[in-house]
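One structure is given here, and the rest of the page talks about it.
Every number in this text was worked out from the coordinates using simple rules, so none of it is lab data. Please read these numbers as outputs of a predicted model, since none were measured by experiment. Glycine gets a Cβ as well: all are built from the backbone with ideal geometry, and neighbour counts include every protein chain shown.
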Protein chains: 2
Amino acid sequence: MEKIPNISENFADWYQFVTLKTGLADYGPVKGTMIHRPYGFALWKQVQKVLGQMIEADGVEDVYFPLFIPYSFLAAEKEHVEGFAPEVAMITEAGGEKLEEPLVIRPTSETIMYKTFPNWIQSYRDLPLKINQWCNIVRWEKRTVMYMRTSEFLWQEGHTAHATRDGAVEDVLSAATRYEKFLREYMAIPGYKGYKTTGEKFAGADFTVTIESLVKNKKALQICTSHLLGQNFAKAFGITFLDEKNESQHVWQTSWGFSTRTLGGMIGIHGDEKGLVLPPRMAPVQIVIIPIVKSEEDRIAIANYCEGIEKMLKNVGIRTKTDWGNETPGWKFNQWELKGVPLRIEIGIREVEQKQLTVATRLGNKSVIALYSEVYKELNALLDEIQALLLSQAEQLLFENTVDVASEAELVAAMESGKAMYRVFFKDDTERAKTLQEKYKITPRVIPFDTIDQKGPDFMTGEEGTPTIFAKAY
Amino acid sequence: MEKIPNISENFADWYQFVTLKTGLADYGPVKGTMIHRPYGFALWKQVQKVLGQMIEADGVEDVYFPLFIPYSFLAAEKEHVEGFAPEVAMITEAGGEKLEEPLVIRPTSETIMYKTFPNWIQSYRDLPLKINQWCNIVRWEKRTVMYMRTSEFLWQEGHTAHATRDGAVEDVLSAATRYEKFLREYMAIPGYKGYKTTGEKFAGADFTVTIESLVKNKKALQICTSHLLGQNFAKAFGITFLDEKNESQHVWQTSWGFSTRTLGGMIGIHGDEKGLVLPPRMAPVQIVIIPIVKSEEDRIAIANYCEGIEKMLKNVGIRTKTDWGNETPGWKFNQWELKGVPLRIEIGIREVEQKQLTVATRLGNKSVIALYSEVYKELNALLDEIQALLLSQAEQLLFENTVDVASEAELVAAMESGKAMYRVFFKDDTERAKTLQEKYKITPRVIPFDTIDQKGPDFMTGEEGTPTIFAKAY
């Protein structure tokens, strides 16, 4: 087996190695594109299943809108087109003919959806309208970082319309809370939840709520965003309703999205020197059984024993696989560690004779437990333990790397000390954020909700500022 | 409520009316595109769920490949590019720059997938390779017929590679059988399963297996196809493996797809003068409960009764909805009939007092049944009955419209008599098929498997021919 690059010394090579060598993904032939292979796509299917159910449970209905957007739609909302025009892919020719108006491949679906909303919304009784779609999105990229930066990516985008601003704000916050719950409970990803600064918000939004986490290469990752669109698009697309007094009003809108990018975050947050580490609730294979046959005469007994365990675990819904390959047990241990499987059960003749299981966790603990009809409960408890441990390790990474900084000099010192997230009092100012980006390559990532009421002197100007986290970002 | 067009006299208007007015779909703003609304998209979700599980159970793994295909890939297989070039959409500009090589939006994914297969397949141990993806596809269309003809449509495409031709043939047939089972058991769609003629097979395939059904407008619909690709693409893309004798061989390949087009078939096969008729196993709402409150003093009793029934039915997994809208019961009856809901339960004060349900099926039967804890079993039996009846009605439509024809004169007579599918002995001949299409607008739809061993004189030339069904097609 090829040697895995060192995660601390060379994160980029490590990241490329684990995505390619574990069967997660491949590069696509067109620059900026990627191929989701079965092992990697299973992770996205788990997102679709679990997050999909959470979204549905909140009364949001799935739809599918066209891939093609007439360029004029994109141009209808001024900020929106300025934000997206530079990165769109355009169709100019189809069915052997030049098109009269070029078509844009959706970089996000606000404009094509909202053009149709006036047909669906007439009265306050039609509100709230809550829809969602799982689809592919194109935003042109020249360099590929698997999952993190790809021209085409997969996501879900939710879109809601409300009679009041309060209704829309509530929806933005509940979308962000839903994401946070899914991230923590399934992907074991913690983050700072809060507002984006003016310069970083979605093109066309009144405000954007984000969750920002930290990857092991000390770069901040914007995981998912929820936008209050206010009445900006409603005015651009004429989306009005008659209220209870029979007066015409513009609707208030939100949109929120979660993409395959998050899988990249999960890889980069939990991975270690042995390869991928998958949170048990996400792992396509939660337990791998490795038969260890040292003498041929033991083969049948070991095989039967493994089969019985696999069957028992599958019956209680644990995603289990037995590796019957010809390779040595040692090679298999490495291989499944590289693939990030949370638990490994080793079965040799001793385990058969003693009615035991030798269990190794992906995080390095090994134990021998007795086999009995409810042993799956112990294994489930171990999986839960790993799940919890991954979250707390990721929290530690995040919190240990966050440092309060009260002046530019302290910022420089914090950067030099190797910390990654700099919490400062900042008076939101797009121009000044740009200057900081040019000077230090850092950007304002998030104004965390939980410290938003603390005010203090801006770390540069002394004006009243709000705690804001700066970091180098993906 | 607007009057529904007559299905027998004006099928096209009927079809447009029911797709638009039931909330299934809307036209997209770009010609040829459609919007899948929640009620319609729920049908596709059901396909994804059930057919997806069947595909997975056969050992096929889900993947996702890029949307963009370099034009040169498409051109690598000669027949393939000739078949698809006229209908592709091309990206010539992206990220503000002209592209060096134009990109095609996938019209199907053979070429982009198979370009990657050589990285994944080295030895016979890597075979069979069986993958599937659910995605959007673009084949340019200028006129839209909802579901039936749209520039962008949704589908699943399965792709497999095998060490032997036999292995590939077996896979093509099992894919077709899987489709047939799903079509009959869930969508209540019967069809003739068999080969496509040479002129109608997939561009680049050795042969294509199809299932052809008949819609109420007497047009044949190709429901889904499975292709033996032979070694055509393997040779074009250099997909080889070392066999057990360590000799290099080209793989044998298949591909097979099932699209949103089939939903159009389901609408057009089962619909009637009152609107949509949804097979119970597909219906997003299987039972609608209509409260009938004639006197305000009964409202609470009726509401509680309805709630109890809805809860009981949902608990046993029956997709149930109670319509609490302000409209009259009569309006609601029409509305839910238009939407094709299989069963309606009417609850007035009499039903409450007598502990009864008044049950009306979408096919016109009405009965009163006693309420008891296991009444859901009777309702499930009714749903099964409707499911079976729809299949047998569709079979009747198909078989009654199929007629044996032994000469061109008999063909003309059959067409004049209003029959839709003409079974003739035909010696496969692409040129002659074209002549028939120009003269009568009919094409060879399928060479049914179940009569393939019967040989007879070609209905025009007298040469040995095989039973082949001609019809006007979508």
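Some observations on this one:
- Surrounding net charge for residue A:271, when Lys and Arg each add one and Asp and Glu each subtract one, Cβ distance under 15 Å: +2
- Calculated P(r) of chain A - Cα pairs past 28 Å, %: 58
- Cβ crowding within 10 Å ranks B:450, A:458 as B:450, A:458, fewest other Cβ atoms first.
- Ellipticity estimate at 222 nm from DSSP helix runs (n ≥ 4, -39,500 (n - 2.57)) divided over the protein assembly as shown, nearest 500: -11000 deg cm²/dmol
- Here the stretch B:309-424 is assigned +1 on the Cβ of each Lys and Arg and -1 on the Cβ of each Asp and Glu. Its dipole about the Cα centre then comes out at about 660 debye.
- Distance between modelled label sites at residue B:198 and residue A:181, nm, 7 Å Cα→Cβ extension: 6.2
- For the peptide A:84-92, the mean number of other protein chain Cβ atoms found within 10 angstrom of a residue's Cβ is 5.
- Nearest-0.05 FRET efficiency for residue A:311 and residue B:315, computed from C-beta distance (R0 45 Å): 0.90
- Using alpha-carbon coordinates, inclination of helix A:299-315 to the longest axis of chain A, degrees: 30
- Residue mean of other protein chain beta carbons inside 10 Å, A:132-143: 3
- Take residue B:328, push a point 7 Å out from Cα through the beta-carbon direction, and compare it with the same point in every other copy: 8.5 nm, smallest first.
- Modelled FRET efficiency - R0 51 Å, residue A:245 with residue B:174, Cβ distances, 0.05 increments: 0.25
- Contour minus Cα-Cα distance for residue A:363 and residue A:101 (0.36 nm per residue): 88.7 nm
- Normalising the Debye intensity of the stretch B:49-101 to I(0), with uniform scatterers on Cα atoms only, and taking log10 at q = 0.12, 0.22, 0.32 Å⁻¹ returns -0.50, -0.88, -1.23.
- Packing-based ranking, highest mean first, of A:271-277, B:137-143, B:204-210 given that Cβ atoms within 10 Å are counted: B:204-210, A:271-277, B:137-143
- Chain B, relative contact order in percent, only Cα pairs under 8 angstrom and at least six apart counted: 14
- Local electrostatic count, residue B:427, Cβ distance below 13 Å [Lys/Arg +1, Asp/Glu -1]: -4
- Lysine pair count for the stretch A:313-433 [Cα-Cα under 25 Å; pairs on different chains or 8 or more apart]: 18
- In terms of Cα atoms, the Rg and Dmax of the stretch A:51-142 work out to 15.4, 46 Å.
- Ascending list, in nanometres, of distances separating the residue B:238 label from those of the other copies (7 Å, Cα toward Cβ): 5.7
- For the stretch B:170-279, lysine pairs separated by 8 or more sequence positions, or belonging to different chains, with Cα-Cα distances below 27 Å total 22.
- DSSP bridge analysis restricted to the stretch A:287-383 gives an antiparallel fraction near 55%, rounded to the nearest 5.
- Shielding by partners for peptide A:147-153, expressed as the average number of C-beta atoms from other protein chains within 10 Å of each residue's C-beta, is 2.
- Once the mean of 1/r is taken over each pair of separate Cα atoms and inverted, the stretch B:183-257 shows a Kirkwood hydrodynamic radius of 14.4 Å.
- Compared with the dominant Cα axis of chain B, that is its longest principal axis, helix B:165-185 is turned about 20°.
- When +1 charges are put on Lys and Arg Cβ atoms and -1 charges on Asp and Glu Cβ atoms, the dipole computed for the protein assembly as shown relative to its Cα centre reaches about 140 debye.
- With a cut-off of 12 Å on the backbone N, the residues of the stretch B:135-162 near the modelled label site 7 Å out from residue B:20 along Cα-Cβ are B:146.
- Note on the stretch A:287-383: Kirkwood hydrodynamic radius from all Cα pairs is 13.4 Å, rounded to one decimal.
- For the stretch A:87-119, GluC sites (Glu not before Pro) are listed when DSSP marks them as loop and at most 15 other Cβ atoms sit within 10 Å of their Cβ; the list is empty.
- For the stretch A:356-361, 3J(HN,Hα) per residue [Karplus equation, 6.51 cos²θ - 1.76 cosθ + 1.60, θ = phi - 60°, Hz, x = Gly/Pro]: 10, 10, 9, 10, 10, 8
- From the largest down, the protein assembly as shown spans 95, 83, 64 angstrom on the principal axes of its Cα atoms.
- Look at where the Cα atoms of the stretch B:438-466 and of the stretch B:132-156 average out, and the two centres are 30 Å apart.
- 0 to 90° range, to nearest 10: angle between helix B:110-120 axis and chain B longest Cα axis: 70
- Computed from the C-beta positions of residue A:353 and residue A:12 and an R0 of 30 Å, the FRET efficiency is 0.05 to the nearest 0.05.
- The ellipsoid equivalent to the alpha-carbon distribution of the stretch B:385-474 has semi-axes of 25, 15, 12 angstrom, derived from the gyration tensor eigenvalues as √(5λ) and listed largest first.
- Placing a label point 7 Å from the Cα of residue B:273 along the Cα-to-Cβ direction, the distances to the matching points in the other copies come to 8.0 nm, shortest first.
- Selection of trypsin sites (Lys or Arg not before Pro), the stretch A:384-474, meeting DSSP coil and at most 14 other Cβ within 10 Å: A:441, A:455
- Taking A:174, A:226, A:373 and counting other C-beta atoms within 10 Å, the order from fewest to most: A:373, A:174, A:226
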